[in-house]
1. When residues of the stretch 79-137 are filtered for being outside any loop (DSSP other than H, G, I, E, B) and at pLDDT below 90, how many remain?
2. Which residues, taken from the stretch 36-70, are open to solvent by 50 Å² or more (accessible area, probe 1.4 Å) and part of a strand (DSSP E or B)?
3. Looking only at the stretch 18-35, which residues are aliphatic (A, V, I, L, M) and surrounded by fewer than 16 Cβ atoms within 10 Å (Cβ to Cβ)?
4. For the stretch 19-27, does any single residue satisfy the condition of being assigned to a loop (DSSP other than H, G, I, E, B) and farther than 19 Å from Glu128 by Cβ?
Amino acid sequence: GNRDDHWADIERVARHKINLGLSWFMYLDWDANIRVNYVGKRKAQSSNQWLQKYEEGYAPSYTKTNLTITYTGFELITPQLLVINLFDEDYYGVGRRSAASFSDDYDSVDNVNPTGFIPAYHSQPGREIYLKISATF
């Protein structure tokens with residue numbers, strides 16, 4: 001459907017998306033990179049009954065920030081600190097499946113696998129922290 005006369009929403013695609021990347025040299029051999037991603041609300045497929053009922057047919061928008069700090073002062077190795085989802089944003093993806101059943105049909109005792117059950121939305125990871133070490137020989 002149309003939200004206005006100029007744009008027909010496409011399923012699972014945000015109408016608005018902004019990506020911002022900033023890099024700077026902090027001190028001598030140190031480099032920092034911040035990437036901020038804003039994704040506007042996305043239209044869910046009509047068969048996704050959970051989002052149709054509880055979110056008016058749209059997955060909510062979110063803003064996610066990633067941070068990378070790199071040290072280049074060693075001759076043969078380059079360590080990096082990667083922090084994905086720096087501010088621990090709660091958000092979810094719409095997914096590529098139809099979610100044609102309804103999650104309320106699930107019952108842990110009597111109906112653990114309802115016909116056609118696919119989660120209506122998919123939670124994304126919270127903050128993740130990695131240490132990456134690259135070596136050159």
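The values are calculated or read from the model by the stated rules, or taken from the named source; none is laboratory data. For clarity, every value in this text was computed on a predicted model and none was experimentally measured. Neighbour counts run over all protein chains shown; Cβ positions are idealised from the backbone, glycine included. Note: accessible area is taken over every heavy atom of the protein model, side chains too, but ligands, DNA and RNA are not part of it. Shrake-Rupley method; radii C 1.70, N 1.55, O 1.52, S 1.80 Å.
1. Quick first cut of the stretch 79-137, residues outside any loop (DSSP other than H, G, I, E, B) only: 79-84, 92-93, 103-105, 107, 111, 122-123, 128-135.
The next check asks that each one be at pLDDT below 90; those that pass are 92-93, 103-105, 107, 111, 122-123.
The qualifying residues number 9.
2. Tyr38, Thr63, listed by residue number.
3. Initially, the stretch 18-35 is screened for residues aliphatic (A, V, I, L, M), giving 18, 20, 22, 26, 28, 32, 34.
Within the stretch 18-35, Ile18, Leu20, Leu22, Met26, Leu28, Ala32 meet the criteria.
4. As a first pass, look at the stretch 19-27 and keep what is assigned to a loop (DSSP other than H, G, I, E, B): none.
No, the stretch 19-27 contains no residue that is assigned to a loop (DSSP other than H, G, I, E, B) and farther than 19 Å from Glu128 by Cβ.
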